[in-house]
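Below: the structure, in structure tokens.
The numbers here are math on the coordinates, done by the rules we state, and not lab data. Given the structure is predicted, the values throughout are model-derived calculations rather than measurements. Positions of Cβ are backbone-derived with ideal geometry, glycine not excepted, and every protein chain shown enters the neighbour counts.
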């Protein structure tokens, strides 16, 4: 049996990885398996079973866009975070970004053990 990673409290609070979210994602993945090649709402490229896909929220998080490539979804989220930080007069240096990525990588590696 595969090891299940612990969910962050932020993901649970935002509605990600909760019952309805997971149920909708599974239903959409099943539909994609029957009709592969649907376009990603973020990049327009086709999506296929076996690719890393997320159930993507609208930018205001009031609903869902549907499935999207995980990289497209996360890139959009990072762009939104960067825009918010810049509007507040804060930006992350490349060193700070690298440190954040290292912490995430270490946390993921620890959870896999």
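Scan segment 80-91 and tell me whether some residue there is assigned to a helix (DSSP H, G or I), within 16 Å of the chain's Cα centre (by Cα) and touching a residue at least 12 places away in the same chain (Cβ under 8 Å). Yes, segment 80-91 contains a residue that is assigned to a helix (DSSP H, G or I), within 16 Å of the chain's Cα centre (by Cα) and touching a residue at least 12 places away in the same chain (Cβ under 8 Å).
From the list 95, 44, 77, exactly one residue is within 29 Å of residue 23 (Cα to Cα), part of a helix (DSSP H, G or I) and out of contact with any helix residue (DSSP H, G or I) (no Cβ under 6 Å at 6 or more places or on another chain). Which is it?
77
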